[in-house]
Amino acid sequence: QVQLVESGGGLVQAGGSLRLSCAVSGRTLSTYPMGWFRQAPGKERESVAHITWNGGGTTYADAVKGRFTISRDNAENMVYLQMNSLRPEDTAVYYCAAGRYYSSDARSYDYWGQGTQVTVSS
């Protein structure tokens with residue numbers, strides 16, 4: 001079993017930055033591709049960013065490309081999402097997930113954290 005715990009969310013003004021962290025326990029992090037997803041009120045969950053098991057490959061949703069950066073530290077069992085130039089439309093609950101496949105499809109991910117709220121004020 002894998003446990004994921006997100007942290008680092010909060011309230012920030014538009015144009016600001018936040019760094020989300022995801023602590024992974026229970027299994028070796030390097031076994032899994034990892035992803036960040038988000039869900040805004042009244043909207044479906046959407047893909048944000050994804051990273052291969054060794055960090056050699058990353059993908060981003062068009063909405064965050066150039067502003068967000070996903071990274072991982074397998075030695076520390078941590079995954080990060082650096083979010084810069086935040087916009088009000090980035091407001092959502094952000095979830096960390098561990099998957100079977102390197103994919104932007106949420107169905108490829110078996111383990112999920114509880115989420116952390118990010119609110120961007122205009």
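The values are calculated or read from the model by the stated rules, or taken from the named source; none is laboratory data. Since the model is a prediction, treat every value here as computed from it, not as a measurement. FYI the Cβ positions are ideal-geometry reconstructions off the backbone, even for glycines, and counts take in every protein chain you see. Surface accessibility is based on the protein's heavy atoms, side chains included, excluding ligands, DNA and RNA. Shrake-Rupley method; radii C 1.70, N 1.55, O 1.52, S 1.80 Å.
Which condition from (1) assigned to a strand (DSSP E or B); (2) free of Cβ contacts under 8 Å to residues at least 60 places away in the same chain is the one that Glu89 breaks?
(1)
Scan region 33-62 residue by residue and report those that are open to solvent by 20 Å² or more (accessible area, probe 1.4 Å), in contact with a strand residue (DSSP E or B) (Cβ under 9 Å, 6 or more places away or on another chain) and in a loop (DSSP other than H, G, I, E, B). So that I can check it myself, show each step before the final result.
At the first step, the residues of region 33-62 found to be open to solvent by 20 Å² or more (accessible area, probe 1.4 Å) are 39-47, 52-56, 58-62.
Cutting the leftovers down to in contact with a strand residue (DSSP E or B) (Cβ under 9 Å, 6 or more places away or on another chain) gives us 39-41, 43, 45-47, 52-55, 58-61.
If the condition is that a residue be open to solvent by 20 Å² or more (accessible area, probe 1.4 Å), in contact with a strand residue (DSSP E or B) (Cβ under 9 Å, 6 or more places away or on another chain) and in a loop (DSSP other than H, G, I, E, B), then Ala40, Pro41, Lys43, Arg45, Thr52, Trp53, Asn54, Gly55, Ala61 are the ones that fit.
Checking Thr59 against (1) hydroxyl-bearing (Ser, Thr, Tyr); (2) without any contact (Cβ under 8 Å) to a residue 60 or more places away in the chain; (3) under 13 Å from Gly99 (Cα atoms): exactly one of these is not met. Which one?
For Thr59, the exception is condition (3).
Can you name every residue in region 3-20 that is surrounded by fewer than 17 Cβ atoms within 10 Å (Cβ to Cβ) and either over 16 Å from the mean Cα position of the chain (by Cα) or under 19 Å from Glu76 (Cβ atoms) (or both)? Even if it seems obvious, please write down each step before you answer.
Residues of region 3-20 that are surrounded by fewer than 17 Cβ atoms within 10 Å (Cβ to Cβ), as a first pass: 3, 5, 7-8, 10-11, 13-17, 19.
Within region 3-20, Gln3, Val5, Ser7, Gly8, Leu11, Gln13, Ala14, Gly15, Gly16, Arg19 qualify.
Among the residues of region 96-122 satisfying the criterion of being of a type outside the set (A, V, I, L, M, F, W, C) and within 22 Å of Gly66 (Cβ to Cβ), which is most open to solvent (accessible area, probe 1.4 Å)? Reasoning before the result, please.
Residues of region 96-122 that are of a type outside the set (A, V, I, L, M, F, W, C), as a first pass: 99-105, 107-111, 113-117, 119, 121-122.
Remaining after also requiring within 22 Å of Gly66 (Cβ to Cβ): 102-104, 119, 121-122.
Numbers: Tyr102: 90, Ser103: 29, Ser104: 71, Thr119: 48, Ser121: 41, Ser122: 134 Å².
Among those residues, the one meeting the criterion is Ser122.
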